[in-house]
Amino acid sequence: MEADKTHILVIDDDTRLRKLLHQYLSENGFMVSEAASPAEARVLMASFLFDILILDVMMPGENGYSFAKSLREKGNNIPILMLTAMGELQDRITGLESGVDDYLSKPFDPKELLLRINSILRRTLTAPVKEKQSIYKFGGCQYDLQRGELTQKGQFISLTSAENELLKVLTQKIGQEVTREELARIFETENERSIDVQVNRLRKKIEADPKNPRYLQTVRGKGYLLLPD
């Protein structure tokens, strides 16, 4: 396997689906490893570096939500695409709240899976920063746009790739309204509610009182704006 290929870990207890995904993704130029459970995934992740996880929700024992949440709590920000047989909005929101970057409901078109994987990977690439300013402060927090790092009193705060991308967009338009529609286009989603979920997650990390935000404010009926100190 080539060293420069994107390495994907597929985590699903359905052996047939794992094999199909392995074959399809390999044919499209990816390195692919498989795990039948979160426990197996942890063993592989201790030995190999992966670029993205494809994670099923419903598995015996630990489910996908719990596994994703445990990774985020430990500061692991690897991109996660969640597969779910449940199409209800609340189930999708639960996935986003557990720290996943995107979701795809079963059954799905393999081409859509490929598009979502590539979309997530594009978002995680750090683009060159043209702006002179790269450090932004919000109360006790500081965000380094060039490095994509958020700190509070010198301590690093874990960000998912989606949260980091959201901060990048907002800081590059600091003090300006960014509409939900614009954010939805950037995140390549038709569900604007998923944008609200990411905003709420980010508020919990930069606001002293997330329910009464001082810095990441809502522009009623339109979108959001980020105010610096």
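The values are calculated or read from the model by the stated rules, or taken from the named source; none is laboratory data. Worth saying up front: this structure is predicted, and the values here are computed from it rather than measured. Counting neighbours? That spans all protein chains shown, and the Cβs are built from the backbone with ideal geometry, glycine included. The accessibility values were calculated without ligands, DNA or RNA, using every heavy atom of the protein model including side chains. Shrake-Rupley method; radii C 1.70, N 1.55, O 1.52, S 1.80 Å.
Here the chain is treated with +1 on each Lys and Arg Cβ and -1 on each Asp and Glu Cβ, and its dipole about the Cα centre works out to around 800 debye.
Sequence-distant contacts, meaning Cα pairs under 8 Å at least 6 residues apart, place the relative contact order of region 114-229 at 25 percent.
For region 143-229, what is the charge dipole size about the Cα centre, in debye to the nearest 20, if Lys and Arg each add +1 at the Cβ and Asp and Glu each add -1 at the Cβ?
280 debye
For Gly223, the residues 5 or more places off, or on other chains, whose built amide H falls under 5 Å of its own are Arg180. For Ser194, the solvent-accessible surface with a 1.4 Å probe is about 10 Å², rounded to the nearest 10.
Share of carbon and sulfur in the accessible area of the chain stands at 49%, probe radius 1.4 Å.
Using θ = phi - 60° and the Karplus relation 6.51 cos²θ - 1.76 cosθ + 1.60, list the HN-Hα couplings for region 159-166 in order, rounded to whole Hz, with x at every Gly or Pro. Karplus values, whole Hz, x for Gly and Pro: 10, 6, 4, 5, 5, 5, 5, 4. Ranking Val197, Gln146, Val169 by how far each Cα lies toward the positive end of the dipole of region 144-229 (charges on Cβ) leaves Val197 at the top. Rounded to the nearest 500, what is the chain's calculated 222 nm mean residue ellipticity when only DSSP H runs of at least 4 contribute -39500 (n - 2.57) each, over all residues? Using -39500 (n - 2.57) per qualifying helix, the result is -12000 deg cm²/dmol.
Remark: accessible surface ordering of Asp196, Asp51 (largest first) is Asp51, Asp196, probe radius 1.4 Å.
Take Arg18: with every protein chain present and a 1.4 Å probe, its accessible area is about 30 Å². Looking at the chain, the DSSP beta bridges with both ends there are about 50 percent antiparallel.
Distances between placed amide hydrogens fall under 5 Å for Asp102 paired with Ile80, Met82, all partners being 5 or more residues away or on another chain. Taking amide hydrogens as placed 1.01 Å from N in the peptide plane, the amide H of Glu149 sits under 5 Å from those of Asp144, each at least 5 positions away in sequence or on another chain.
When nucleic acids and ligands are ignored and a 1.4 Å probe is applied, Lys137 ends up with an accessible area of around 110 Å².
Between 0 and 90 degrees, the angle of helix 110-124 with respect to the longest Cα principal axis of the chain falls at about 40 degrees. Here is the size of the chain from its Cα atoms: Rg then Dmax, 17.9, 53 Å.
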